[in-house]
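As structure tokens, the structure follows; a few thoughts come after it.
The values are calculated or read from the model by the stated rules, or taken from the named source; none is laboratory data. All values reported here derive from a predicted model rather than from experimental measurement. No Cβ is skipped: glycine too gets one built from the backbone with ideal geometry, and neighbour counts run over all protein chains shown. For accessibility, only protein heavy atoms count, side chains too; no ligands or nucleic acids. Shrake-Rupley method; radii C 1.70, N 1.55, O 1.52, S 1.80 Å.
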Amino acid sequence: MAEIEVIFYIEALGNDKKVLERALEETARSLKNEKGVKIKYVNVEDVLENEDEELLKYSGVIEAGISGDLENVIRLALKYSPAIVEVLRPGKMEIESKRLMKILGEVSLFMGKLMKEFGGLAVYPKLDDLPEPRIGYSREEIEDFIVEDRNILCRFVIEVFGENEEGIKTTMAKALTIEGCRINKLAVQGQEEEGKFKGLLAAELLSPFETLVQLTAKYAPVAISILEPEIIDVTANELQNTLTDLGSFVNELVTRPIKRRIMEKKNTEFKLNP
């Protein structure tokens, strides 16, 4: 099993310098005590002050060198939500589809819990004007996407809510296309409850590795299975982008209450000082 070596850059913001310094030190201690990985080093940078910011005017960064297997590196990316991840090695790795499905299940479980507390992640611009995407491909086309474009063929089931079954199907087809997927099959099942439709959407999708992990993090599917290929190759750059995305998704969710308070304060100041 290939060992992955990465550098995490974990950023923290606050409005009290001492409190932020303590938080950074606690995070550093937590990192040093992590099991299942090798913590090569943890550097805590000096807290800096941004005089242009009235709120969250202090910032600090932790740089941590970490090596371990894919499962544990992803676990730490979710736990510590680094702003940037740099993958040092390997340059390329192979992952069995069964192993990747298990990892995606853990990502889905973790993100699902966060979204229940802080809200959803999948937000799109107005989709009405977009053309309806193609659904369905020949076996030859699917093989070309897998071999030539390094796509993964997977099945993906998520909970859906909306006005009606057909509207959800149309909207989700466009949303999945925006995410970078090709849709081979798409079906919605469920029922109306109190004038709203609630059910499950099942999709058979073709997508790159990065897109598949992003979708899993954004939608927290109730079920996911990889049909082809049996072995997925992932480059260092693809893994780097994926880990950074996971960190940013977690950070987006957990900082929402703070951002909301900042916006409320700014709106209040605007009303008081027109």
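Numerical summary
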read-out	value
Test result for Ser108, among the small types (Gly, Ala, Ser), modelled with pLDDT of 95 or more and within 18 Å of the chain's Cα centre (by Cα)	yes
Candidates Glu106, Glu96, Glu132 - the one that is closer than 18 Å to Gln214 by Cα and open to solvent by 60 Å² or more (accessible area, probe 1.4 Å)	Glu106
Selection from region 213-230 of residues that are under 13 Å from Met101 (Cβ atoms) and among the aliphatic types (A, V, I, L, M)	Val213, Ala223, Ile224, Ile226, Leu227
Extreme residue, farthest from Thr242 (Cα to Cα), among residues of region 1-26 that are open to solvent by less than 90 Å² (accessible area, probe 1.4 Å) and in a loop (DSSP other than H, G, I, E, B)	Asp16
Qualifying residue in region 145-165 (condition: open to solvent by 50 Å² or more (accessible area, probe 1.4 Å), under 25 Å from Ile95 (Cβ atoms), without any contact (Cβ under 8 Å) to a residue 12 or more places away in the chain and of a type in the set (Asp, Glu))	yes
Only listed residue being crowded, with 19+ Cβ neighbours inside 10 Å, under 24 Å from Ser81 (Cα atoms), of a type in the set (A, V, I, L, M) and within 20 Å of the chain's Cα centre (by Cα), chosen from Leu239, Leu206	Leu239
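Listed here are the residues, each with its yes/no results for (1) outside any strand (DSSP E or B); (2) more than 22 Å from the chain's Cα centre (by Cα).
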| position | (1), (2) |
| --- | --- |
| Arg150 | yes, no |
| Phe156 | no, no |
| Val160 | no, no |
| Gly167 | yes, yes |
| Leu176 | yes, no |
| Leu186 | no, yes |
| Gly190 | no, yes |
